[in-house]
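Trainee: A single structure is presented below for examination.
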Amino acid sequence: MDSTKRFLFWLLDGTRGGPTRVRLLAILAKRPLNLRQLALAAHLDYSTVEHHIRLLEKHAIVESVGLGYGRLYALSDAPDTLGYVREKIRGEGA
């Protein structure tokens, strides 16, 4: 397993927040959303979503466009990451 897949496995499977991150990624796979829209769609607190999205953005798993409140988040199109994330989403039944 290469280092990217190992890291993604840890981030999405090996931590307590992994299932929440997978859930958020599954929602973002359908369409880009801002943090409030994502929180409503996931039935989670805004600050929880913000924490997970900041972590995913820091590691280039999600990308953002725009500024401020209207900033939209979407899955990154990095091939190493996208394949694993899509596979994980399908495996979670999302």
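Trainee: Output yes when any residue across the stretch 62-84 is touching a Ser or Thr at 6+ places or on another chain (Cβ under 7 Å) and without any contact (Cβ under 8 Å) to a residue 12 or more places away in the chain, and no when none is.
Mentor: Checked against the condition, which is being touching a Ser or Thr at 6+ places or on another chain (Cβ under 7 Å) and without any contact (Cβ under 8 Å) to a residue 12 or more places away in the chain, the stretch 62-84 yields at least one hit.
Trainee: Under the condition of being closer than 20 Å to W10 by Cβ and surrounded by 13 or more Cβ atoms within 10 Å (Cβ to Cβ), which residue from the stretch 62-82 is modelled with the lowest pLDDT?
Mentor: Among them, the one singled out is D80.
Trainee: Then there's this: Every residue in the stretch 64-82 that is assigned to a loop (DSSP other than H, G, I, E, B) and either among the basic types (K, R) or within 15 Å of the chain's Cα centre (by Cα) (or both), please.
Mentor: R71, S76, D77, A78
The values are calculated or read from the model by the stated rules, or taken from the named source; none is laboratory data. Values in this document were obtained by computation on a predicted structure and should not be read as measured data. Note: ideal-geometry Cβ built from the backbone for every residue, glycine included; neighbour counts use all protein chains shown.
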